[in-house]
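The block underneath contains the structure these notes are about, expressed in structure tokens.
The values are calculated or read from the model by the stated rules, or taken from the named source; none is laboratory data. These numbers were taken from a predicted model, which means no experiment stands behind them. Note: ideal-geometry Cβ built from the backbone for every residue, glycine included; neighbour counts use all protein chains shown.
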Amino acid sequence: MNKPYIDSITTKSDSKYELIVAAAKRARQITLDEPDLTRSGKINPVSQALKEIDEDIVTWDTESED
């Protein structure tokens, strides 16, 4: 992963923690949905999740505290 890619992702949210949680949840979903691809090493679920976040394929809602 290169620096421009990381810089692009960090603009998606104010919280790095929120980005990590979203990427982890999506990576887990990829692992469960595509077990053959992840076991064979054809895709890295974390890299795929980060790519999807960068391309705005994956979005999430944040709960605001009142």
- request: From 38, 31, 59, grab the single residue that is at pLDDT below 85 and surrounded by 15 or more Cβ atoms within 10 Å (Cβ to Cβ).
  value: 38
Test: residue in segment 15-25 that is exposed (fewer than 11 other Cβ atoms within 10 Å of the Cβ), of a type in the set (A, V, I, L, M, F, W, C) and modelled with pLDDT of 90 or more: no
task: Test residue 56 against the stated conditions and say whether it is among the acidic types (Asp, Glu) and not in a helix (DSSP H, G or I).
output: yes
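Take the residues of segment 1-14 that are out of contact with any Phe, Trp or Tyr (no Cβ under 9 Å at 6 or more places or on another chain) and part of a loop (DSSP other than H, G, I, E, B): which is surrounded by the fewest Cβ atoms within 10 Å (Cβ to Cβ)? Lay out the reasoning, then the answer.
The first filter runs over segment 1-14 and keeps only residues out of contact with any Phe, Trp or Tyr (no Cβ under 9 Å at 6 or more places or on another chain), leaving 1-12, 14.
Next cut, part of a loop (DSSP other than H, G, I, E, B) only: 1-2, 11-12, 14.
Values: 1: 10, 2: 6, 11: 8, 12: 15, 14: 10.
Applying the filter and picking the extreme gives 2.
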message: Quick test of your reading of the structure: residue 51 fulfils all but one of (1) in contact with a Phe, Trp or Tyr (Cβ under 9 Å, 6 or more places away or on another chain); (2) in contact (Cβ under 8 Å) with a residue 24 or more places away in the chain. Name the failing condition by number.
response: (2)
